[in-house]
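The values are calculated or read from the model by the stated rules, or taken from the named source; none is laboratory data. Just so it is clear, the structure is predicted and the values come from calculations on it, not from any experiment. With ligands, DNA and RNA removed, areas are computed over all heavy atoms of the protein, side chains included. Shrake-Rupley method; radii C 1.70, N 1.55, O 1.52, S 1.80 Å.
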Amino acid sequence: QVQLVESGGGLVQAGGSLRLSCAASGIDFNIYTMGWYRQAPGKQRELVATIPRRGSPNYVDSVKGRFIISRDNTRNTVYLQMNSLKPEDTGVYYCNAQFFTIYWGHGTQVPVSS
């Protein structure tokens, strides 16, 4: 059974930092492209960042220079370091694993207060 379990969310003030983690099980983590998506209230889910098994990460323009995605293949975990958070970063953050098949986590809330 595939599981993606996010953690690390929580209320943070604008300008603050958070690190999200996503622990994967039930998949061959090494071959999957891992990603973080978010969904703000009343909006569609959007891509935040992805990291392939090899190669460079990709980021949505709005988080470039502030967020860093990384992965630890020995721990089957992907991280999202979020710095200089803004109120517009508020949303539910979802972990995603893609390799022909797509899997999603249940999400973790990140409210950013102004």
If eta is 1.002 mPa s and T is 20 °C, what Stokes-Einstein diffusion coefficient results for segment 18-114, Kirkwood Rh from Cα pairs, in µm²/s?
158 µm²/s
Of all accessible surface on the chain at a 1.4 Å probe, what whole percent is carbon and sulfur?
47 percent
So for segment 17-65, using the alpha carbon gyration tensor with a ≥ b ≥ c as root eigenvalues (a/c under 1.5 gives rounded; past that, a/b versus b/c decides prolate or oblate), I'd call it prolate
Heavy-atom SASA rank of E88, E6 (probe 1.4 Å, accessible area, largest first):
E88, E6
Please give the solvent-accessible surface of K86 in Å², to the nearest 10, using a probe radius of 1.4 Å with every protein chain present.
80 Å²
How do D72, D89, D61, D28 stack up against each other in accessible area, from largest to smallest, with a 1.4 angstrom probe?
D61, D28, D72, D89
